[in-house]
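The values are calculated or read from the model by the stated rules, or taken from the named source; none is laboratory data. Since this is a predicted model, take the numbers as computed values, not measurements. As a convention, Cβ positions derive from the backbone with ideal geometry for all residues, glycine included, and neighbour counts pool all protein chains shown. Heads up: the accessible areas ignore ligands, DNA and RNA and are worked out on the full protein's heavy atoms, side chains in. Shrake-Rupley method; radii C 1.70, N 1.55, O 1.52, S 1.80 Å.
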Amino acid sequence: VTSVTSSQKQVRKETTSSVSQSKKQSQPQTQTKQVKALWDSNKKQALATFMSSWGTTMGQTYQSYDLTRDTNYAGIHFPSKLAQTDLAVDDTPVTAAWSTDGTGSADYNVVAIYCDVDGGTVGGHLYLFTFHNGQPEVLVTSQSASNGMNFKVTENADLVAEFQKVAAENT
């Protein structure tokens, strides 16, 4: 009787240990944080449509620039040289990088660039549509790039409102 009881205890112990081990193995060892995309091709198209009509309203013509087409603003090619250019926002140095989905590790993750001049000239408007700390923000400059470029948050309420609206749309 004693040996049967001891044997049953051993079987129970091994089964419990086996189930416990199985539960531990089924739990993920590392948890990866999934970052939700803030920008996509539908939002890009919605912004392009708005910028075309908004530019007309402002008496300006804006061209879109992305990884397939650089602007040459004051001799700097955006977006290809964006990460290598000394940028500031309100005279505070910042980092900026192109992002296809609005996420990234830069201070400003740029999802769209619009400019109304090209060919190395200054005097027009260069807009960077960005996500700063996960929030949509439009930066603008119209200054030369002799010592880097200083941007400011645009004061154009229509432009800000539209970018925020487009950025908030579900896709």
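Each label was represented as a point 7 Å from its Cα along the Cα-to-Cβ direction; for D118 and T92 these points are 3.4 nm apart. Over the C-alpha trace of the range 34-101, radius of gyration and Dmax come out as 14.2, 42 angstrom. Within the set of other residues whose C-beta is less than 12 Å from the C-beta of K43, count the net charge using Lys and Arg as +1 and Asp and Glu as -1. Residues near K43 contribute -2 overall.
Counting Lys and Arg as +1 and Asp and Glu as -1, what is the net charge of the other residues whose Cβ lies under 12 Å from the Cβ of V153? It works out to a net charge of -2.
Quantify, in whole percent, the carbon and sulfur part of the accessible surface of the range 79-139 (1.4 Å probe; protein heavy atoms only). Each step should come with its number before you reach the end.
On the way: 1160 of 2600 Å².
That fraction is 45 percent.
Within the set of other residues whose C-beta is less than 14 Å from the C-beta of A97, count the net charge using Lys and Arg as +1 and Asp and Glu as -1. Working shown, then result.
Values: positive: K81; negative: D66, D86, D101, D107.
Neighbourhood net charge equals -3.
Counting 0.36 nm for each residue step from V140 to D158 and taking away their Cα separation leaves a gain of 5.1 nm.
Each residue, A168 and L67, gets one label point 7 Å from its Cα in the Cβ direction; the gap between the two is 2.9 nm. Annotation: amide H of W98 within the under-5 Å range of A83, V110, sequence separation 5 or more or interchain, hydrogens built in the peptide plane.
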